[in-house]
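One structure below.
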Amino acid sequence: MRTQVAIVGAGPAGLLLSHLLDRAGVESVIVETRSRAYVEARIRAGILEQSTVDLLREAGLGERLDREGDVHRGVYLQWPGARHHLDFVDLVGRSVTVYGQTEVTRDLGRARDAAGQEIVYEVTGTAVHDTDSAIDSAIDTAIDTATVRPSVTFTRADGRAERLEADVVVGCDGSFGPCRTAVPEPATWERTYPYSWLGILADVPPSTDELIYAWHPDGFALHSMRSPTVSRLYLQVPNGTDAATWSDDRIWEALATRLGHGEHGWTLTPGPITGKSVLPMRSFVQQPMRHGRLFLAGDAAHIVPPTGAKGLNLAVADVALLAPALADLLRHKDPRAADAYSERALRRVWRCTHFSWWMTTMLHVTGDPFDAQLQRSQLEWVASSTAAATGLAENYAGLPIGF
Ligand code: PHB
């Protein structure tokens, strides 16, 4: 097989990249380890920044998003006895949209189907080869005449071995995929947190119009949502927690306590829990995000903890930079944007890494009373100072794509 861009991973980053490349006249093939049903059901944070929404709209993917997405002006920040609304529209002129990652992935999948995109699902043994043939110094000749092209090898579900040759390979294959480890001697940074999230999906209308981020001495809680009839809620739990040890009643009781059921006339309505899982929390960055003809985008290069809902938005921002850069490289033999990709993407990556770390450490109980005092002080500052609230709003609603 032969294509211009071999994309490893058919999550939102890989699908959006192939979509944008197609619109720029560049051909790609996607290979994916999982089944399509698995990829489309994978639940992640469902908050889209303004620039993510704008980009999806401009790419012709806004129809269902505009119809079903729920525009939120801001979020609530609370601790026992206090709930404050931060209005992002007033503070920074931008909103966020609640629209699940599952929905973004499905819309992208349908758009790729309509365009006849080749996506090979359920492959095994994916490996990338010969990615270090230079393209930056002698672009005019190297792209056309390189005798050793990069390739992706894999085995199809029916057992057939394949070699996919390409001009460049893009790793959109997450932090456990093979692309990240194909970059020789990268610099890496990692932080694990001493707590996890227990997340539930429930068939009950949300008890709030906008998300509630709650600090509580028992641990953090978050009230989010997926639709007018489906709620998504989270509880801070110790690392290593087995979701099965949390009965539905225990979950609703802890949520009621931490989210302030009964305070100021607010009530939390419980309902049937349809999904329950424990999510570890981790920050990770690997750089550079490019090695020769191999580029990394999304979780393949960076992981953020979910507080702040940056993961999908960051992947979209990577791809928004990478797609035009690859089009310049492959169609116009202009390597400048491809050469600048890693550095430009990492600027935003580190901003979001800091913001996600800051939100996480401000809201999660560690058991250390000094930490608790600092957290309360920060929360009170954000709730009472327009300058502090603006900083949170600017980061949460998202910086412009080119940041
Ligand atoms: C979610 O809806 O799953 C969600 C929302 C906001 C977060 C994290 C997760 O910060």
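Listed values, structure above:
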{"read-out": "Rg(Cα) / (2.2 N^0.38 Å) computed for segment 38-188, rounded to two decimals", "value": "1.43"}
{"read-out": "Segment 155-162 - phi-based ³J(HN,Hα) in whole Hz, Karplus 6.51/-1.76/1.60, Gly and Pro as x", "value": "10, 5, 4, 7, x, 6, 7, 10"}
{"read-out": "Highest average packing first - 192-201, 270-279, Cβ atoms within 10 Å", "value": "192-201, 270-279"}
{"read-out": "Order of 352, 172, 179 under a 10 Å beta carbon neighbour criterion, fewest first", "value": "352, 179, 172"}
{"read-out": "For segment 312-403, fraction of C-alpha pairs farther apart than 15 Å, in %", "value": "68 percent"}
{"read-out": "Under 5 Å, built H, 5+ apart or other chain: amide partners of residue 10", "value": "33"}
{"read-out": "Hydrodynamic radius (Kirkwood) for segment 1-120, which is based on Cα pairs only, to one decimal in Å", "value": "15.9 Å"}
{"read-out": "Two-decimal Rg to Rh for the chain - Kirkwood Rh, Cα set", "value": "0.99"}
{"read-out": "Debye intensity ratio I(q)/I(0), log10, segment 234-291, q values 0.12, 0.22 Å⁻¹ (C-alpha model)", "value": "-0.45, -0.94"}
{"read-out": "Residue 209-residue 263 pseudo-label distance in nm [points 7 Å out on the Cα-to-Cβ vector]", "value": "2.0 nm"}
{"read-out": "J(HN,Hα) series, segment 50-60, from Karplus relation 6.51 cos²θ - 1.76 cosθ + 1.60, nearest Hz, glycine and proline x", "value": "3, 6, 5, 4, 4, 5, 5, 4, 4, 7, x"}
{"read-out": "Residue 277-residue 2 FRET efficiency (beta carbon distance; Förster radius 60 Å; 0.05 resolution)", "value": "0.90"}
{"read-out": "Charged-residue dipole, Cβ positions (Lys, Arg, Asp, Glu), the chain about Cα centre, Debye nearest 20", "value": "140 debye"}
{"read-out": "Phi to ³J(HN,Hα) by Karplus 6.51 cos²θ - 1.76 cosθ + 1.60 over segment 231-248, Hz, x for Gly, Pro", "value": "9, 10, 10, 9, 10, 5, 9, x, 4, x, 5, 9, 4, 5, 7, 9, 6, 4"}
{"read-out": "Sorted peptide list for 247-257, 95-105, criterion being average Cβ within 10 angstrom, highest first", "value": "95-105, 247-257"}
{"read-out": "Burial order of peptide ranges 221-230, 58-67 (average beta-carbon count within 10 Å, highest first)", "value": "221-230, 58-67"}
{"read-out": "Net length gained if the chain between residue 113 and residue 403 were fully extended (0.36 nm per residue, minus Cα distance)", "value": "101.2 nm"}
{"read-out": "Residue order, fewest to most beta carbons within 10 Å, for 331, 94", "value": "331, 94"}
{"read-out": "Electrostatic dipole magnitude of segment 200-353 [Cβ: Lys, Arg +1; Asp, Glu -1; Cα centre; debye, to 20]", "value": "860 debye"}
{"read-out": "Shape box of segment 244-403 [Cα atoms, principal axes, largest first, Å]", "value": "63, 39, 29"}
{"read-out": "Length gained when the stretch residue 242-residue 23 is fully extended (0.36 nm per residue, less Cα-Cα span)", "value": "74.3 nm"}
{"read-out": "If the convex hull is drawn through the Cα atoms of segment 198-320, its volume per residue in Å³", "value": "134 Å³"}
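Bear in mind these aren't lab numbers, they're just calculated from the coordinates by the rules spelled out. Model, not experiment: these values are computed from the prediction. Cβ coordinates were reconstructed from backbone atoms using ideal geometry, including for glycine residues, and neighbour counts include every protein chain displayed.
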